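The structure appears right after this line, and notes come after that.
The values are calculated or read from the model by the stated rules, or taken from the named source; none is laboratory data. The model shown is predicted, which means the values in this text are computed figures rather than measured ones. Cβ placement follows ideal geometry from the backbone for every residue including glycine, while neighbour counts extend to all protein chains displayed.
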Amino acid sequence: MRFAVASASGTTDVAGKPAVALELSDLDEQRFYEWTAANVDRKLAILVDRRVCVMATIATPLKGSVVLTGGHDGFSTEDVHRMVRDWNPAH
């Protein structure tokens, strides 16, 4: 299943570690919510240019805004900058 990213930005998670905030396109927001609701506790692969960049577990149904955290070890600042660059439609 494919979903279009409207924008990506650097942020921090609740522990203050680097994270990535994604906004989905308006057209994909409801579709993404329905898909994540049907796949809670399953893995989600996030790809850029057909490469897996992030593997995440869907904890709850997600609407149009998503924050990706690096899990226990966290993302490096460089990882966040790369993902933001790769996921912004204007890159």
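Kindly indicate which of THR11, THR36 is assigned to a strand (DSSP E or B), among the hydroxyl-bearing types (Ser, Thr, Tyr), in contact (Cβ under 8 Å) with a residue 12 or more places away in the chain and out of contact with any Ser or Thr (no Cβ under 7 Å at 6 or more places or on another chain). So the residue among THR11, THR36 that is assigned to a strand (DSSP E or B), among the hydroxyl-bearing types (Ser, Thr, Tyr), in contact (Cβ under 8 Å) with a residue 12 or more places away in the chain and out of contact with any Ser or Thr (no Cβ under 7 Å at 6 or more places or on another chain) is THR11.
Looking at the stretch 22-44, which of its residues are crowded, with 17+ Cβ neighbours inside 10 Å and either under 11 Å from the mean Cα position of the chain (by Cα) or aliphatic (A, V, I, L, M) (or both)? The answer is LEU22, LEU24.
Condition test on SER76, is it modelled with pLDDT of 85 or more, more than 15 Å from ALA21 (Cβ to Cβ), out of contact with any helix residue (DSSP H, G or I) (no Cβ under 7 Å at 6 or more places or on another chain) and loosely packed, with under 14 Cβ neighbours inside 10 Å? When the stated conditions are applied, SER76 passes them.
Restricted to the stretch 45-66, and to residues there that are surrounded by 14 or more Cβ atoms within 10 Å (Cβ to Cβ) and in contact with a Ser or Thr (Cβ under 8 Å, 6 or more places away or on another chain), the residue that is farthest from THR12 (Cα to Cα) is PRO61.
Looking at the stretch 39-62 only, could you name the residues that are in contact (Cβ under 8 Å) with a residue 12 or more places away in the chain, part of a strand (DSSP E or B) and either charged (D, E, K, R) or out of contact with any helix residue (DSSP H, G or I) (no Cβ under 7 Å at 6 or more places or on another chain) (or both)?
First, the residues of the stretch 39-62 that are in contact (Cβ under 8 Å) with a residue 12 or more places away in the chain: 39-44, 46, 48-49, 53-62.
Those left that are additionally part of a strand (DSSP E or B): 43-44, 46, 48, 53-57.
Answer for the stretch 39-62, where residues must be in contact (Cβ under 8 Å) with a residue 12 or more places away in the chain, part of a strand (DSSP E or B) and either charged (D, E, K, R) or out of contact with any helix residue (DSSP H, G or I) (no Cβ under 7 Å at 6 or more places or on another chain) (or both): LYS43, LEU44, ILE46, VAL54, MET55, ALA56, THR57.
Taking the criterion of being among the β-branched types (Val, Ile, Thr) and over 14 Å from the mean Cα position of the chain (by Cα), the only residue of the stretch 70-89 that qualifies is THR77.
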